[in-house]
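K.L.:
Mind looking over this structure? Questions follow.
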Amino acid sequence: MPNQNARSNSLNERPFKERQFLVSGIFSVQSEYDASYVITDLETVQSFLEKPSQLTSLAFYVNSTVDLSAAQENLATFFGTDFEVKNRFQQQEFLYKVLQTEKWAIFFILSFILLIATFTIVASVVMIVLEKRKDISSLWAMGTPVKTIQKIFFYEGLLITLFGGGLGLVLGVILSLAQQHFGFIQLGEQGSFIINAYPVEVHFQDVVLILTTVVSIGMLITIIPVRLVKKNFIQDS
């Protein structure tokens, strides 16, 4: 270790401090951590650095039932302004920002794929409109408002969206929960990992966001064939 007490212009003091330790075990997590950290007891490090009763940082493990923000505020109040209190996300802020950006990028890509896939709803509703054009003319002739006729096909397209999107969402949540609790998909035997299964965690707000996206895209797409009802089958009649 660098000798912080050594004077730069002194030839008698060594710039580095050396000490032999007995290696009792080797850990392997990731190459970044494996090549950067050596773990030993606190008193040995303080004695080696000649800094008794001094610490660089303290780590607190909070129970999952405890509010993390409240615990962080309480610690900051207890230690005062001379200390900086950071949670796990703030300590690895850049990494979590990258992961969050990746998450949103995947969300928008899948939303675009969903938008393309929902054009099948347009085809389905158009086919239904073509099959029911005589019924449409009969309803209009009997005095049924145009908006009511349009609502019939709009709700039918919306039901198709809700059934398909809801079924896919339920299956996705079931598979994600199964992976979260049982870990069916493994990371593979190559490399050393802290966990063996691919990490998954289901968040309620993500489920709501996906459902809202599916319903919104389905509603926008269903409007296209519904407009054809008035334009091609009622005005021409």
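Only the coordinates and a few stated rules stand behind these numbers; no lab work does. Worth saying up front: this structure is predicted, and the values here are computed from it rather than measured. Methodologically, a virtual Cβ is constructed for each residue, glycine included, from the backbone with ideal geometry; neighbour enumeration extends over all protein chains shown.
K.L.:
Using Cβ counts within 10 Å as a stand-in for footprinting exposure, how do T56, T101 rank, fewest first?
P.N.:
Fewest-to-most Cβ neighbours within 10 Å comes out as T56, T101.
K.L.:
For the range 93-234, calculate the relative contact order in percent as a whole number, restricting contacts to Cα pairs under 8 Å that are 6 or more residues apart. Intermediate results must be reported in sequence, preceding the final value.
P.N.:
Details: 99 pairs, mean separation 53.7, N = 142.
Result for the range 93-234 is 38 percent.
K.L.:
Which one of S36, Q180, L162 is farthest out on the positive end of the charge dipole of the chain, using unit charges on Cβ (Lys, Arg +1; Asp, Glu -1) and the Cα centre as origin?
P.N.:
Final value for the positive-end residue is L162.
K.L.:
Using the Cα gyration tensor of the range 1-131, with a ≥ b ≥ c the square roots of its eigenvalues, what is the shape: rounded (a/c below 1.5), prolate (a/b larger than b/c) or oblate (neither)?
P.N.:
prolate
K.L.:
Tell me the relative contact order for the chain as a rounded percent, counting alpha carbon contacts under 8 Å between residues six or more apart.
P.N.:
This gives 20 percent for the chain.
K.L.:
Express the relative contact order of the range 1-56 as a whole percentage, based on alpha carbon pairs under 8 Å and six or more residues apart in sequence.
P.N.:
20 percent
K.L.:
Express in % the proportion of alpha carbon pairs of the chain at distances exceeding 32 Å.
P.N.:
Looking at the chain, the distances longer than 32 Å represent 56 percent of pairs.
K.L.:
Could you give the size of the charge dipole of the range 114-211 about its Cα centre, using +1 on the Cβ of each K and R and -1 on the Cβ of each D and E, expressed in debye and rounded to the nearest 20?
P.N.:
The calculated dipole for the range 114-211 is roughly 620 debye.
K.L.:
Cα axis of helix 68-79 to longest principal axis of the chain: angle in degrees, 0 to 90, nearest 10?
P.N.:
30 degrees
K.L.:
About the Cα centre of the range 1-56, what is the dipole size in debye to 20, counting +1 per Lys and Arg Cβ and -1 per Asp and Glu Cβ, all else neutral? Spell out each step's value before the answer.
P.N.:
Numbers: 5 positive and 7 negative charges, 54 e Å.
Roughly 260 debye, rounded to the nearest 20.
K.L.:
Let me ask something else about it. Please list the radius of gyration and Dmax for the range 8-83, considering alpha-carbon atoms only, with Å as the unit.
P.N.:
Using the Cα atoms of the range 8-83, the pair Rg, Dmax is 18.4, 57 Å.
K.L.:
Near the amide H of A197, under 5 Å away, which other amide H atoms are found, from residues 5 or more places off or on another chain, if H is placed in the peptide plane?
P.N.:
L187
K.L.:
Could you tell me the calculated FRET efficiency between F16 and T81, based on Cβ-Cβ distance and R0 = 45 angstrom, to the nearest 0.05? Kindly include the intermediate steps, with their values, before the conclusion.
P.N.:
Values: r = 35 Å, r/R0 = 0.78.
Rounded to the nearest 0.05, the efficiency is 0.80.
K.L.:
Next up: For the chain, give the magnitude of the charge dipole about the Cα centre (Cβ charges: +1 Lys/Arg, -1 Asp/Glu; no others), in debye to the nearest 20.
P.N.:
Values: 17 positive and 20 negative charges, 267 e Å.
Charge dipole, the chain, about its Cα centre: 1280 debye, nearest 20.
K.L.:
Dividing the Cα radius of gyration by the Kirkwood radius, what Rg/Rh value follows for the range 93-234?
P.N.:
Ratio of gyration radius to Kirkwood radius: 1.18.
K.L.:
May I pose another question? Using the basic label-point model (7 angstrom from Cα toward the beta carbon), what is the Q72 to Y37 distance in nanometres?
P.N.:
Calculated label separation equals 2.0 nm.
K.L.:
How long are the semi-axes of the equivalent ellipsoid of the range 65-104, taking √(5λ) for every eigenvalue λ of the Cα gyration tensor, in whole Å from largest down?
P.N.:
Details: eigenvalues 128, 33, 6 Å².
So the equivalent ellipsoid measures 25, 13, 5 Å along its semi-axes.
K.L.:
Follow-up question, since we're still on this one. Between R88 and S176, how many nm apart are label points set 7 Å from Cα along the C-beta direction?
P.N.:
Roughly 1.8 nm, to one decimal.
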